[in-house]
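The values are calculated or read from the model by the stated rules, or taken from the named source; none is laboratory data. All values derive from a computational prediction rather than experimental measurement. Cβ sites come from the backbone with ideal geometry, for glycine too, and all protein chains shown count toward neighbours.
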Amino acid sequence: MDILEENLTTENTATVHNAHSHPQRENVLKRLARIEGHVHAVKHMIEEDRSCPDVLVQIAAIRAALNGVGRLILEDHVQGCMTKAAQDGNFDDAFRDLKKSMDQFIG
């Protein structure tokens, strides 16, 4: 099981929070669509036997773009979810979930 599958299983995910708006949602979705296109382009580069340095540069760009998306999601989480958790008296649980997620994100 890869890390994505592991994180999608119920027993390994953070506490499920109520649905709410995320101010960066549209920006995140647009960035992910661009990243998806870049990943497809890298696949095409491999199929065309492009040079390894060219492929590695594109992979580095994808990684940087994903980190940017992660920062946006983290910003939304801290500004919205953590603030709401503090107001609702659930800050300790939310902070524990955030720390666990950050450990996985950073790596």
Checking residue 65 against (1) at pLDDT below 95; (2) in contact with a Lys or Arg (Cβ under 8 Å, 6 or more places away or on another chain): exactly one of these is not met. Which one? (1)
In the stretch 53-107, residue surrounded by the fewest Cβ atoms within 10 Å (Cβ to Cβ) [restricted to those that are closer than 20 Å to residue 40 by Cα and among the β-branched types (Val, Ile, Thr)]: 57
For the structure I just gave you, tell me whether residue 37 is farther than 22 Å from residue 107 by Cβ and either buried (at least 16 other Cβ atoms within 10 Å of the Cβ) or touching an Asp or Glu at 6+ places or on another chain (Cβ under 6 Å) (or both). no
